[in-house]
Amino acid sequence: MTNIWALLAAAVGGGGLAGVVGTLITGVMGRPKTRADAVALLTDSALKQVNELQERTAEAEREALAARQQMRELTGEIDAAVATLRTWRSAILSTPGVPESLLVMVRNPGGAINGRHL
C-alpha cells in the first residue's frame, strides 16, 4: 500500500491527473514484468548450470570408460605375463643341470606378485 501512495505522490507532483494515471499504469505494468524478468533470469541461470553439469558428467563418463578399457587391457597383459612366467618356471624346474641358485629363486618366487600367485 505504501508503494501506491508513493506513486500517487510522485504523479501529483509531476503533472496532475494525467501524470497520476500514467504513473499508475507504469507501476502496475512494470511490477509483473520485473517478476517475469527475475523468473527468466533464474531459469536461464539454472539451465546453464544444468547444461554445464551434464557436460561435466558426460566428460567424466567418457574418462571412466577409457580408464575401464585401459584396465581391461592391462589386466590382459598381466595375465599373459604371468602365464609366460609360469611356463618359464616350469621349464627351469624340469631342466637338469640348472644351477642351484636359480632353482632356489624359481622355487620360492616371493609368494605373490600384485596379489597373483605364480
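So the values come out like this:
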item	result
Check on D79, surrounded by 10 or more Cβ atoms within 10 Å (Cβ to Cβ), of a type outside the set (F, W, Y), more than 30 Å from the chain's Cα centre (by Cα) and modelled with pLDDT of 80 or more	yes
Of the criteria (1) at pLDDT 95 or above; (2) on the phi > 0 side of the Ramachandran plot, which one G111 fails	(1)
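The values are calculated or read from the model by the stated rules, or taken from the named source; none is laboratory data. What you see is a predicted model, and the numbers here were worked out from it, not measured in a lab. Every residue, glycine as well, gets a Cβ built from its backbone with ideal geometry; the counts of neighbours run over all protein chains shown.
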